[in-house]
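Reading through the structure tokens given below for one structure.
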Amino acid sequence: MYTLTMPKKVMVARGEWQRVLNEQLALQQCTRPFLLYSGSVWRRHAVVIDGATYYEMPTGEPTLAMLEQVLARIDTHDAVVAIGGGSVIDMAKAVAALARNKTVPFEQLCTQAVERVPFIAIPTTAGTGSEATKVAVLTDEAAQKKVNPAHEQLVPDVAILDATLTTTLPLHITAFTALDALTHAIEAYVSTEANMFSDMYAEQAIALLARGLQQIQQAPDDVDVREQLLLGSFYAGVAFSNASTNLAHATGRALGVLAHLPHGQSVALMHPFVVTFSYEACQARYDRIAELLQTKNVALYLMQLNVDFHVWESARHLVPLLAQQKEQLTQLALSGNGIQTNRRIPTAQNITHLFTQLQQTLGGL
């Protein structure tokens, strides 16, 4: 049996996100929303949400310590709204789920029955797909690891997709987030948990994201191109939320924690090597992905994207870390999820070799 988990309502509202948000809050009879946002949104838009309490998220990826700070601000609020990138939406997911369940540890959320407040997500980047998923990723700084429980109560009630919110995103951030979305779609398609629903969304996402990435450098201000990436990111989110990611995310999360890299950058760095490692275990699926990308070799295609969007170049400083901390990176990768859903199950030696390949690639620039 297959089921499909995704937001109850998805609205594509180009240029109208504020009006639509106020309408959706009114429909749910929410008069005291708690609104988490990124500062960049506030600087570009005059945001007026009736009765809202506003909370600006600090820059950087969300942590368990930040979650405690935000929950301390929640009292009788009757909805949570997120306007921002994946970090903002992930934090809002945790807040919405724990606002009425403050004694439940976030890392144990997947084992608990919780009642959450209504939750609306509005992404300002086209990458994480967090507005579509049942997963939230927060960093446990004390343990130096990322915690990412899956729970259906983390899925937003409403996702509002407005591509005009993404048009001022710098090109390098646009690239990192879009490459993350492409990894979501590809990994969902080759996951051991892939199914007919996730395949459908993954294929649509791969095609949309490939076109968007091809066009965005020449047309960064084109709202149609931005919308392709935003929809592709959403579809990829639905796909991996229902099928899981695998080894590129397991290794990418480890790299992100130790090197303090943006998530999309770290995943894009690892993905080509993971594809090469996994190819023979699911050749037919990777060949179908190649058709959707209009290429003959998926790994080489991803490597070229990393050239085109300066992903390799941006990570040259990692060579010493990779030389000195491969064992720690390997153990972090093995401790997270995504290992068992990979078509070829890696050993510790395999994972260490993936990090060695990255070190050699960056060292040869």
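The values are calculated or read from the model by the stated rules, or taken from the named source; none is laboratory data. Because the structure is predicted, anything quoted here is derived from the model rather than measured. Every residue, glycine among them, receives a Cβ derived from its backbone with ideal geometry; neighbour counts consider all protein chains shown. Just the protein is used for accessible areas: all its heavy atoms, side chains included, with ligands, DNA and RNA removed. Shrake-Rupley method; radii C 1.70, N 1.55, O 1.52, S 1.80 Å.
Values as computed for the structure displayed
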| quantity | calculated |
| --- | --- |
| Considering residues of the stretch 315-358 that are of a type in the set (Gly, Ala, Ser) and at pLDDT below 95 only, the residue surrounded by the fewest Cβ atoms within 10 Å (Cβ to Cβ) | 335 |
| Any pair with Cβ under 9 angstrom, 6 or more apart, that starts in the stretch 294-309 at a residue that is open to solvent by 80 Å² or more (accessible area, probe 1.4 Å) and ends at one that is assigned to a loop (DSSP other than H, G, I, E, B) | 304/295 |
| Filter result for residue 232 (within 22 Å of residue 308 (Cβ to Cβ), surrounded by 24 or more Cβ atoms within 10 Å (Cβ to Cβ) and at pLDDT below 95) | no |
| Residue match in the stretch 46-60 (condition: touching a residue at least 60 places away in the same chain (Cβ under 8 Å) and crowded, with 18+ Cβ neighbours inside 10 Å) | no |
| Flag if residue 228 is of a type outside the set (Asp, Glu) and in contact (Cβ under 8 Å) with a residue 12 or more places away in the chain | yes |
| Selection count, the stretch 107-123, where residues are assigned to a helix (DSSP H, G or I) and either open to solvent by 20 Å² or more (accessible area, probe 1.4 Å) or modelled with pLDDT of 90 or more (or both) | 4 |
| Residue 182 being under 18 Å from residue 293 (Cα atoms), part of a helix (DSSP H, G or I) and open to solvent by less than 10 Å² (accessible area, probe 1.4 Å) | yes |
| Any hit, the stretch 257-270, residues being without any contact (Cβ under 8 Å) to a residue 60 or more places away in the chain, under 16 Å from residue 336 (Cβ atoms) and of a type outside the set (Phe, Trp, Tyr) | yes |
| Filter result for the condition that a residue is surrounded by fewer than 24 Cβ atoms within 10 Å (Cβ to Cβ), in contact with a strand residue (DSSP E or B) (Cβ under 9 Å, 6 or more places away or on another chain) and under 30 Å from residue 68 (Cα atoms), over 142, 159, 150 | 150 |
| Failed criterion for residue 2 (all others in (1) open to solvent by less than 20 Å² (accessible area, probe 1.4 Å); (2) over 30 Å from residue 175 (Cβ atoms); (3) among the aromatic types (Phe, Trp, Tyr) hold) | (1) |
| Subset tally (residues that are in a helix (DSSP H, G or I) and either within 24 Å of residue 4 (Cα to Cα) or open to solvent by less than 30 Å² (accessible area, probe 1.4 Å) (or both)) for the stretch 192-222 | 18 |
| Selected residue [of a type in the set (Ser, Thr, Tyr) and over 17 Å from the mean Cα position of the chain (by Cα)] from 133, 168 | 168 |
| Filter pass, residue 279 being aromatic (Phe, Trp, Tyr), open to solvent by 30 Å² or more (accessible area, probe 1.4 Å), in a helix (DSSP H, G or I) and closer than 22 Å to residue 177 by Cα | no |
| Residues satisfying the stated conditions in the stretch 307-340, i.e. touching a helix residue (DSSP H, G or I) at 6+ places or on another chain (Cβ under 8 Å) and either small (Gly, Ala, Ser) or outside any helix (DSSP H, G or I) (or both) | 309, 310, 314, 315, 323, 325, 333, 336, 337, 338, 339 |
